[in-house]
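Please read the structure below before turning to the comments.
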Amino acid sequence: MVGSVRLLVVQPTPFCNLDCDYCYLPDRGDRSRLSFPVLEAAVERVLDSPYFGGEFTLLWHAGEPLMAPIAFYDEATERIRQLLARRGLPPSKIVQSLQTNATVIDAAWCHCFERNGIHVGVSMDGPAFLHYAHRVTRTGLPGDQIRPKDPKSRRAGVLSVRGRARAAQAGPPPGTGRHGHLLW
Ligand code: SF4
């Protein structure tokens, strides 16, 4: 028996700003970006499918989704909203989620996540000494070398680890995960 579609994985760009030694993605140096007509066609295909179960998650994933600019997610969200509206469906029918290495998250990104209702997952290998053992930049430096330098931005990044972009404007993150503290 076949169930309904619950997840649509979409690659906004193959490019990644890191070069982890265990990465399996062959095209992570490719800076091309998904076009909006292709995004709309993919979403329409799911909505038209007999396996559309009323709602699904659209996951932005692989390479590093935040290598597409904030404006990309603003427009993608608006296009998805309009597409659903044309079918008489509310925006809640498609939940956006995003999987990131979190190296460039700052307050502006957190605001983007919040206004577009994007859930955030962060890929981590463990505490910093493990995490950056294999997560390196393209010049071989530890991946934290390209994180935002501004402390406020870094604090916003920690908040995103909690998956609570809504808290982007709050103070220090109470109860932030231990690994989050170590990474940022
Ligand atoms: S962060 Fe992810 S996509 Fe980027 S190089 Fe590392 S494993 Fe690959």
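With respect to the conditions (1) surrounded by fewer than 19 Cβ atoms within 10 Å (Cβ to Cβ); (2) touching a helix residue (DSSP H, G or I) at 6+ places or on another chain (Cβ under 8 Å); (3) at pLDDT 95 or above, VAL43 lacks only one, and its number is (1). Only residues that are within 16 Å of PRO12 (Cβ to Cβ) and either surrounded by fewer than 17 Cβ atoms within 10 Å (Cβ to Cβ) or within 16 Å of the ligand (Cβ to nearest atom) (or both) were counted in the stretch 110-137, giving 4. When LEU25, LEU83, LEU47, LEU39 are checked against the criterion of being free of Cβ contacts under 8 Å to residues at least 60 places away in the same chain and part of a loop (DSSP other than H, G, I, E, B), a single residue qualifies: LEU25.
Residues being closer than 15 Å to LEU59 by Cβ and in contact with a His (Cβ under 7 Å, 6 or more places away or on another chain): count how many of those fall in the stretch 11-24. First the steps, then the outcome.
The first filter runs over the stretch 11-24 and keeps only residues closer than 15 Å to LEU59 by Cβ, leaving 11-13.
Those left that are additionally in contact with a His (Cβ under 7 Å, 6 or more places away or on another chain): 11.
Residues that pass the stated criteria total 1.
Residues that are at pLDDT below 80, assigned to a helix (DSSP H, G or I) and of a type outside the set (Val, Ile, Thr) within the stretch 121-153 comprise GLY143, ASP144, GLN145, PRO151, LYS152, SER153, listed in sequence order.
When the residues of the stretch 9-22 are filtered to those that are assigned to a loop (DSSP other than H, G, I, E, B) and in contact (Cβ under 8 Å) with a residue 60 or more places away in the chain, the one that is farthest from the ligand (Cβ to nearest atom) is PRO12.
When PRO69 is tested against (1) exposed (fewer than 15 other Cβ atoms within 10 Å of the Cβ); (2) under 12 Å from the mean Cα position of the chain (by Cα); (3) within 15 Å of the ligand (Cβ to nearest atom); (4) not hydrophobic (A, V, I, L, M, F, W, C), just one condition goes unmet, and that condition is (3). Return yes when TYR73 is part of a helix (DSSP H, G or I), of a type in the set (Ser, Thr, Tyr), in contact (Cβ under 8 Å) with a residue 12 or more places away in the chain and under 29 Å from THR139 (Cα atoms) and no when it is not. Judged against the criteria, TYR73 is a match. Take the residues in the stretch 105-119 that are outside any helix (DSSP H, G or I) and at pLDDT 95 or above, then tell me which one is farthest from GLY63 (Cα to Cα). Per the stated criteria, the residue is GLY117.
The values are calculated or read from the model by the stated rules, or taken from the named source; none is laboratory data. The structure presented is a predicted model; accordingly, all values stated were derived computationally and were not measured. Don't worry about glycine lacking a Cβ; one is built from the backbone with ideal geometry, like all the others, and counts go over all protein chains shown.
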